[in-house]
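Student: Below: one structure in structure tokens.
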Amino acid sequence: MFEQLNDFLNRLKEERNYSENTTVAYRNDLNQFFQYMKQRGMPASWAQVNQTFLEQYVQNMKEQPYASSSVARKVAAIKSFFEYLVAQRLLDENPAADLQSPKVEKRLPHTLSAAEVDRLLLAPRREESPKNLRDTALLALLYATGMRVTEVVTLKLDDLDLDGRILHCAGKDGSMRQIPIDAETVAILQRYLTQGRPHLLKSDEEMALFLNHRGQQLTRQGLWLIIKAYAQEAGLTETVTPHTMRHSFAAHKLESGSDLKEVQQLLGHANISTTQIYKQLDGDDGHSAAG
């Protein structure tokens with residue numbers, strides 16, 4: 001039974017082009033379900049798992065300290081897995097077909113006001129060290145492009161066309177998109193590349209744009225910690241993450257008159273409905289109703 005589970009997880013990445021993060025989440029969720037089955041007495045095959053058993057599992061999760069969104073994601077993983085078993089003709093019927101997922105309240109994304117963004121972007125400019133030049137370029141690029149955290153940390157030198165003021169970005173679905181860069185951000189990047197990055201570089205073979213103190217590609221966790229530190233330094237009281245910068249970019253673009261379709265393309269959203277949520281934000285102070 002575990003073999004079918006592994007086959008499904010491998011196909012998520014290879015055939016459905018799911019991101020690494022989504023695949024890891026599915027793996028964790030389905031491994032949790034597998035452990036639950038073992039605790040309850042493992043059935044001899046997947047065909048012996050019925051709707052009642054799955055409903056009991058969902059009820060068990062609801063009794064745990066999980067957010068509704070977490071339970072909904074775990075239910076989605078189970079439904080996808082059993083759909084796969086039916087598609088592979090390993091099951092005749094899908095016991096998860098009518099499995100109910102908890103309702104998840106859609107929270108509007110939290111954004112920074114324009115003044116708060118300015119304070120954040122200015123925070124690393126108080127010093128002229130290679131690290132601060134990197135951080136200045138990093139924060140400026142995040143806000144200027146609305147890129148995802150993984151997209152930023154995996155940028156290579158040849159993804160930048162500073163003369164053409166274009167950045168080539170590989171999205172989470174494997175697609176490539178071109179993102180324009182404004183003149184000020186180009187100048188900040190050029191300064192980092194000439195005065196900052198060479199001092200962080202340990203090996204000429206390293207092609208990552210943003211480097212850590214070991215001269216290697218900056219990690220997702222490293223980027224989160226950088227933003228957290230500068231948010232505190234800038235006196236921002238609410239939590240600021242890389243995605244906060246992405247949300248702020250989108251909201252401010254729409255507030256300034258950009259077309260919804262244009263913002264969708266810049267963000268790399270597959271569906272315009274995902275971008276539409278930024279239309280619901282309060283444009284007066286740049287903050288969402290959900291905070």
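Student: When the range 119-146 is examined, which residues are found to be among the charged types (D, E, K, R) and more than 23 Å from the chain's Cα centre (by Cα)?
Tutor: 119, 125, 126, 127, 128, 131
Student: Let me confirm something: among 64, 56, which residue is farther than 16 Å from residue 91 by Cβ, part of a helix (DSSP H, G or I) and of a type outside the set (D, E, K, R)?
Tutor: Going through 64, 56 in turn, the sole match is 56.
Each row is one residue, and each column tells you yes or no for (1) crowded, with 22+ Cβ neighbours inside 10 Å; (2) in the same structural domain as residue 126 (by TED's automatic domain parsing); (3) polar (S, T, N, Q).
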{"site": "215", "(1), (2), (3)": "no, yes, no"}
{"site": "221", "(1), (2), (3)": "no, yes, yes"}
{"site": "225", "(1), (2), (3)": "no, yes, no"}
{"site": "232", "(1), (2), (3)": "no, yes, yes"}
{"site": "239", "(1), (2), (3)": "no, yes, yes"}
{"site": "248", "(1), (2), (3)": "yes, yes, yes"}
{"site": "258", "(1), (2), (3)": "no, yes, yes"}
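Student: What number goes with the only condition from (1) touching a residue at least 12 places away in the same chain (Cβ under 8 Å); (2) farther than 29 Å from residue 144 by Cβ; (3) more than 24 Å from the chain's Cα centre (by Cα) that residue 59 does not pass?
Tutor: Evaluating residue 59 over (1) touching a residue at least 12 places away in the same chain (Cβ under 8 Å); (2) farther than 29 Å from residue 144 by Cβ; (3) more than 24 Å from the chain's Cα centre (by Cα) leaves (1) as the failure.
Student: So if I check each of 29, 7, which one is in contact with a helix residue (DSSP H, G or I) (Cβ under 8 Å, 6 or more places away or on another chain), assigned to a helix (DSSP H, G or I), modelled with pLDDT of 80 or more and within 30 Å of residue 170 (Cα to Cα)?
Tutor: Details: 7 fails: in contact with a helix residue (DSSP H, G or I) (Cβ under 8 Å, 6 or more places away or on another chain).
Result: 29 is the single residue among 29, 7 that is in contact with a helix residue (DSSP H, G or I) (Cβ under 8 Å, 6 or more places away or on another chain), assigned to a helix (DSSP H, G or I), modelled with pLDDT of 80 or more and within 30 Å of residue 170 (Cα to Cα).
Student: Among residues belonging to the range 62-77 that are surrounded by fewer than 12 Cβ atoms within 10 Å (Cβ to Cβ) and without any contact (Cβ under 8 Å) to a residue 24 or more places away in the chain, point out the one that is farthest from residue 26 (Cα to Cα). Outline the logic, then answer.
Tutor: Looking only at the range 62-77, we keep the residues that are surrounded by fewer than 12 Cβ atoms within 10 Å (Cβ to Cβ), and these are 62-65, 67.
The next check asks that each one be without any contact (Cβ under 8 Å) to a residue 24 or more places away in the chain; those that pass are 63-65, 67.
Values: 63: 21, 64: 19, 65: 19, 67: 16 Å.
Ranking the qualifying residues of the range 62-77, first place goes to 63.
Student: Among the residues of the range 83-99, what is the count of those that are free of Cβ contacts under 8 Å to residues at least 60 places away in the same chain and under 26 Å from the mean Cα position of the chain (by Cα)?
Tutor: The number of residues fulfilling the criteria is 1.
Student: Please name all residue pairs, on different chains or six or more residues apart, with Cβ atoms under 6 Å, provided the first residue is in the range 183-196 and is among the aromatic types (Phe, Trp, Tyr) and the second residue is buried (at least 17 other Cβ atoms within 10 Å of the Cβ).
Tutor: 192/133; 192/134; 192/137
Student: Any residue at all in the range 203-217 that's under 29 Å from residue 164 (Cβ atoms), in contact with a helix residue (DSSP H, G or I) (Cβ under 8 Å, 6 or more places away or on another chain) and in a helix (DSSP H, G or I)?
Tutor: No, that holds for no residue.
Student: Next up: For the range 126-144, which positions are at pLDDT 95 or above and not hydrophobic (A, V, I, L, M, F, W, C)?
Tutor: Answer for the range 126-144, where residues must be at pLDDT 95 or above and not hydrophobic (A, V, I, L, M, F, W, C): 129, 130, 131, 132, 134, 135, 136, 143.
Student: Scan the range 226-274 residue by residue and report those that are in a helix (DSSP H, G or I), farther than 30 Å from residue 131 by Cα and not charged (D, E, K, R).
Tutor: Answer for the range 226-274, where residues must be in a helix (DSSP H, G or I), farther than 30 Å from residue 131 by Cα and not charged (D, E, K, R): 254, 260, 263, 264, 265, 272, 273, 274.
Student: Moving on. Going through 96, 137, 115 one at a time, which residue ends up being in a loop (DSSP other than H, G, I, E, B) and of a type in the set (Gly, Ala, Ser)? Break it down into steps so the answer makes sense when it comes.
Tutor: On the way: 137 fails: in a loop (DSSP other than H, G, I, E, B); 115 fails: in a loop (DSSP other than H, G, I, E, B).
So the residue among 96, 137, 115 that is in a loop (DSSP other than H, G, I, E, B) and of a type in the set (Gly, Ala, Ser) is 96.
The values are calculated or read from the model by the stated rules, or taken from the named source; none is laboratory data. Quantities reported herein were computed from a predicted structural model and do not represent experimental measurements. Using ideal geometry, Cβ is built from the backbone for each residue, glycine included, and neighbour counts are taken over all protein chains shown.
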